[in-house]
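Taken together, the values in this text are just the output of simple stated rules run on the coordinates, not laboratory data. Owing to the predicted nature of the structure, the values given are computational and were not obtained by experimental measurement. No Cβ is skipped: glycine too gets one built from the backbone with ideal geometry, and neighbour counts run over all protein chains shown.
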């Protein structure tokens, strides 16, 4: 006799609380609850490469800014507050080679 198995999935609509972009070794993230005004750059890999995030702010959209994190694996750096961050990308700094970066991600 065939049995019937039922499953119920609960889904909750909730706003996005953070917007992140990642590449192997680096992550850049902004948070909605902070008005997308701070960026955090995480070093996610235990290697000798430092990481950084590039971003643009609403008050100066043509100025590309950079936040470096040279603290090593498992650390993060936080920018100062300012106008809303429009977009961001995460990068790994590689000595004697071109840096490895994610594509740009735009904040809502």
What is the Cα centroid distance between the stretch 93-108 and the stretch 13-71, reported in whole angstrom? 11
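Neighbour counts of other C-beta atoms within 10 Å: give me 27, 32, 45 arranged from fewest to most. Don't skip to the end; give the middle numbers.
Values: 27 19, 32 13, 45 16.
Sorted ascending by nearby Cβ count, the order is 32, 45, 27.
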Let me check against my output: what whole-number percent is the relative contact order of the chain, with C-alpha pairs under 8 Å and at least 6 apart? 26
Among 86, 96, 38, which one moves the most in a GNM of the chain with springs linking Cα atoms closer than 10 Å? 96
Identify which of 90, 59, 26 has the largest mean-square fluctuation in a Gaussian network model of the chain, with springs joining Cα atoms closer than 10 Å. 59
